[in-house]
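Structure, as structure tokens:
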Amino acid sequence: MAQGDSRPIGVCDSGVGGLTVLRGIRDRMPEESTIYVADLLHFPYGPRYQEEVKRFAFDLIRYLESRGVKLVVIACNTATAAALNQAREVFDVPIVGVISPGAQAAVEATKRGLVGVISTEGTYSSQEYLHAIKELDPMVGVYQKACPELVEIVEAGEADSPRAETALRRDLAEIANLGADVLVLGCTHYPLLRPAIERVYPGAFTIVDSARTTAQMVERRLDHARMRAVATDGPATQELLATALPEQFSRVAGVLFGEHLPEVREVRIWPSTGRPKPGIIGGRVQASRASGA
């Protein structure tokens with residue numbers, strides 16, 4: 001009888017966006033157990049300094065490593081840009097980010113040699129997508145745009161709304177006018193905006209979803225290292241944790257994904273001082289429709 005590796009996969013993000021990556025992993029590898037940590041205590045990562053984001057990411061990886069995971073996915077473009085390269089030098093556990101898979105898919109998909117990338121301010125400032133795409137093909141043109149409001153729209157549970165369409169019409173206009181034929185969703189919140197993008201700019205872009213491409217990379221890494229779980233290991237488990245506001249995380253995730261999720265528990269990775277109140281994530285007021293307040 002084949003013996004698999006039943007240790008869980010660890011996934012971390014600043015909020016609900018990384019659930020798109022988690023869903024991709026579960027869809028491709030339903031036999032794999034997972035532990036997901038949402039760092040709502042420090043949400044959002046996008047406007048923060050890279051050194052600060054790196055510190056948060058290292059602490060999340062350290063926690064997941066202590067839980068015995070076999071691989072960690074940094075399911076956040078901002079944290080991938082700030083922490084991935086150094087984290088791979090510091091930690092023994094294999095670590096996968098979300099930028100490289102998206103860059104690879106974009107280079108393979110473009111026919112005109114022009115790629116648009118939308119992201120948070122932090123990912124935009126890092127220029128990591130530009131470097132990753134140019135390393136693969138120096139002839140591909142890259143137009144990047146920071147779209148911070150889109151994260152707020154998704155976290156408010158309004159990804160498929162007139163508000164989302166208005167913001168996308170504005171934010172993607174220049175990318176469309178430049179003639180880019182590929183659009184990289186350079187934030188794990190953004191795949192939830194895909195239906196709205198396709199309504200506002202029908203047929204304009206091949207959309208590269210970092211969640212899907214990252215799930216594919218995780219599968220390849222586990223296959224290569226022979227670390228896949230097998231059905232005989234027993235039923236897969238799914239653990240959802242939040243560093244603050246677990247009830248609010250559960251409500252927002254339910255609105256966004258329209259499915260029943262396992263109970264979300266709070267995990268204390270840092271001291272409990274200065275914790276946000278319900279209705280506020282990382283010091284930013286969230287829409288009452290999403291929070292249930």
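The values are calculated or read from the model by the stated rules, or taken from the named source; none is laboratory data. In this text the structure is predicted, and so the values were computed from the model without any measurement. Here Cβ is always computed from backbone atoms with ideal geometry, including for glycine, and neighbour counts include all displayed protein chains. For the accessible areas, the whole protein counts, side chains as well, though only heavy atoms, and no ligand, DNA or RNA atoms are used. Shrake-Rupley method; radii C 1.70, N 1.55, O 1.52, S 1.80 Å.
With a Förster radius of 30 Å applied to the C-beta separation of Arg221 and Thr166, the computed FRET efficiency comes to 0.15. Any idea which of Val69, Thr110, Thr206 is furthest toward the positive side of the dipole for the chain, if Lys and Arg beta-carbons carry +1 and Asp and Glu beta-carbons -1? It is Val69, whose Cα lies furthest towards the positive end.
Would you mind computing the Rg to Rh ratio of segment 193-270 from its alpha-carbon coordinates, Kirkwood style for Rh? Result: Rg/Rh = 1.07. Note on Arg194 and Met139: the extension gain reaches 17.1 nm, defined as 0.36 nm multiplied by sequence separation minus the Cα-Cα distance. With R₀ set to 30 Å, the beta-carbon distance separating Asn85 from Val230 gives a calculated FRET efficiency near 0.40.
Taking Pro94, Pro195, Pro271 as the candidate residues, the one with maximal mean-square fluctuation in a Gaussian network model of the chain, Cα springs under 10 Å, is Pro271.
Ranking Tyr49, Tyr124, Tyr143 from most to least accessible surface, computed with a 1.4 Å probe over the protein chains only, gives Tyr49, Tyr124, Tyr143.
Semi-axes of the equivalent ellipsoid of segment 76-169 are 25, 20, 11 Å, computed as sqrt(5λ) over the eigenvalues of the C-alpha gyration tensor in descending order. Relative contact order, whole percent, for the chain stands at 26, derived from Cα pairs under 8 Å and 6 or more residues apart. Remark: C-alpha extents of segment 2-61 on the principal axes read 46, 19, 16 Å, sorted largest to smallest.
Averaging 1/r over each pair of different alpha-carbon atoms in segment 1-160 and inverting the result gives 16.5 Å, the Kirkwood hydrodynamic radius. Considering all C-alpha pairs of segment 225-267, those separated by over 18 Å amount to 44%.
For the pair Gln238 and Asp181, label points projected 7 Å from Cα toward Cβ lie 3.7 nm apart.
Take segment 81-184 with all the other protein chains still there, run a 1.4 Å probe, and you get 43 Å² of accessible area per residue. Report note on the peptides 223-229, 15-21, 235-241: ranked by the mean count of other C-beta atoms within 10 Å, highest first, their order is 15-21, 235-241, 223-229. So what is the relative contact order for segment 59-145, in percent, with contacts set as C-alpha pairs under 8 Å and at least six apart? Value for segment 59-145: 28 percent. Measuring max minus min along each principal axis, the C-alpha atoms of the chain give extents of 52, 46, 35 Å (largest first). Each listed q (0.10, 0.17, 0.19, 0.21 Å⁻¹) maps to a log10 I(q)/I(0) for segment 140-276 from the Debye sum over equal C-alpha point scatterers, namely -0.49, -1.08, -1.16, -1.24. Sorted from greatest to least, the principal axis extents spanned by the alpha carbons of segment 118-177 come out as 38, 24, 15 Å.
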